[in-house]
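Down below is the structure, laid out as structure tokens.
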Amino acid sequence: MILIATIKEIAKIAKVSSSTVSRVLSKDYSFNVSEETRRNILEIAKSLNYRQRPSKKQNELNIKKNWKIGLLIWCSEQFEFSDPFYMSIRQGIEKECTKQSVTIQRIYRWIDDTSPEIEFSDIDGLIVVGKVEISLDPKRLRPNFPIIFVDYRSSDEHDSVRFDISEAARKAMEHLLKLGYTEIGYIGGRSYIKTPDGIEFYQDERQKTYEIMLEERGLFKEESMFIGSWGAEEGYRLMKEAIEKSNLPRAFFVASDLMAIGALRALHESDIKIPEQVGITSIDGIDVSKYVNPPLTTVKVYTEEMGCTAVKLMIDRLTGRDYSLHANVATELMVRESCGNLV
């Protein structure tokens, strides 16, 4: 319930009726009022530190917690099973949904180049996992339908949960440089965004950070970069390619743990000692990274927390927040034996 005096005070300053203020503050978008007037009322209310107690209907909604959401995942089940990064995000979403009594009504998957047809009418919100752009037909969406993106920021309008990839890459590179490495190679994949019109490639932030940090120190060599697809198999193949060339870099920054694990195998097969002959660091922090030989120095991404945070943002939206939030989950350097110490 809003205090009448507060409504009257806002109405007096805005030079509109009390009923107009009441309907605007109650977010009654069926009420025919100009956008300028609506914005003016909201700004005045904010300046007066106006607060509205949740209505009975809102309280009942909070108590029921019977929301149903959809989950769109950028990859197939088979790919997700082979990539703990995205599997962990999904598991975080599922755990938090169970905790908050939220039902995952439908799971949609983007298979190859085929964008799934999403049925918005039977869900209260949608969480999108991965770097994808989806078609949003305003005719099919109710006003303020919440969409939360995980591992990608689609727009200012929709909430997002990410980690700072450039910052994670900087932590990995700084560690190698502090250890005294001056010849550092890079192994990574080509990054892309899935859109309804196809795949759009872009320069990966990890590769960009690697290039900038070495160029600043006069250490960058383009021939020390090995770029392909993603996964352990590609890490293995690209490291084999690096080994076959002369002047193998003294250390490698690898874009993901899975690629690093493949690269470790290639080095073992060529009897190249780690870290005595080649140091390795990467990004992800998947559980298996601490069990390989030698244990992998990596920048841990708290993927399960990313999934949990997405659900919390969704609930926040469903209970009335009408502005966007963009969360950045912190990363942490996990120092293990794969890098050694040249200092």
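Computed from phi, the 3J(HN,Hα) profile of region 219-235 under the Karplus parametrisation 6.51, -1.76, 1.60 (θ = phi - 60°) reads 10, 6, 9, 4, 5, 8, 9, 10, 10, x, 8, 10, x, 4, 4, 6, x Hz, with x in place of Gly and Pro. Beta bridges per DSSP, both residues in region 142-217: antiparallel share near 60 percent.
Rounded to the nearest 20, the Cβ-based charge dipole of the chain about its Cα centre (Lys and Arg +1, Asp and Glu -1) stands at 2000 debye. The fraction of accessible area contributed by carbon and sulfur in the chain is 48 percent, rounded to a whole number (1.4 Å probe; ligands and nucleic acids excluded). 3J(HN,Hα) along region 180-191, derived from phi through the Karplus expression 6.51 cos²θ - 1.76 cosθ + 1.60 where θ = phi - 60°, amounts to x, 6, 10, 10, 10, x, 9, 10, x, x, 7, 8 Hz, with x in place of Gly and Pro. Summarising the amide proton neighbourhood of MET225: residues at separation of 5 or more, or on other chains, whose placed amide H is nearer than 5 Å comprise TYR186. Sorting TYR302, TYR323, TYR291, TYR210 on solvent-accessible area from highest to lowest, probe radius 1.4 Å, gives TYR291, TYR323, TYR302, TYR210. Once backbone amide H atoms are built at 1.01 Å from N, PHE149 has VAL128, ASP159, SER160, VAL161 as its partners under 5 Å, excluding neighbours fewer than 5 places away on the same chain.
A helix-only calculation puts the chain at -12000 deg cm²/dmol for mean residue ellipticity at 222 nm, using -39500 (n - 2.57) for each DSSP H run of at least four residues, averaged over all residues. Charge tally for ILE283 (other residues, Cβ to Cβ under 12 Å; Lys, Arg +1; Asp, Glu -1): -3. First check a/c for region 166-303, with a ≥ b ≥ c the square roots of the eigenvalues of its C-alpha gyration tensor; if it is under 1.5, answer rounded, and if not, answer prolate when a/b is larger than b/c or oblate otherwise. Judged from the Cα gyration tensor, region 166-303 comes out rounded (a/c under 1.5).
Solvent exposure of the chain amounts to 52 Å² per residue of accessible area, where only protein heavy atoms count and the probe is 1.4 Å. With every protein chain in place and a 1.4 angstrom probe, the accessible-area ranking of ILE104, ILE134, largest first, reads ILE104, ILE134.
The HN-Hα couplings worked out from phi for region 37-47 by the Karplus form 6.51 cos²θ - 1.76 cosθ + 1.60 (θ = phi - 60°) are 5, 4, 5, 5, 5, 5, 5, 5, 4, 5, 5 Hz, whole numbers, x standing for Gly and Pro. Solvent exposure of ASP159, expressed as accessible area, is near 0 Å², computed with a probe of 1.4 Å over the protein chains only. Among the listed values (i) 21.0; (ii) 20.1; (iii) 17.3, the one matching mean projected area of the Cα convex hull in nm² as calculated from this structure is (i). Proximity of backbone amide H atoms, modeled 1.01 Å from N, is registered between THR298 and SER282, MET334, ARG336 at under 5 Å, excluding neighbours fewer than 5 places apart on the same chain.
Exposure check, 1.4 Å probe, all protein chains in place: HIS268 carries approximately 80 Å² of accessible surface. In this structure THR103 has an accessible area near 70 Å², from a 1.4 Å probe over the protein heavy atoms.
The values are calculated or read from the model by the stated rules, or taken from the named source; none is laboratory data. This structure is a prediction, so every number in the text was calculated from the model and none was measured. Using ideal geometry, Cβ is built from the backbone for each residue, glycine included, and neighbour counts are taken over all protein chains shown. The protein model used for the area step is the full one, side chains on, heavy atoms only, and it has no ligands, DNA or RNA in it. Shrake-Rupley method; radii C 1.70, N 1.55, O 1.52, S 1.80 Å.
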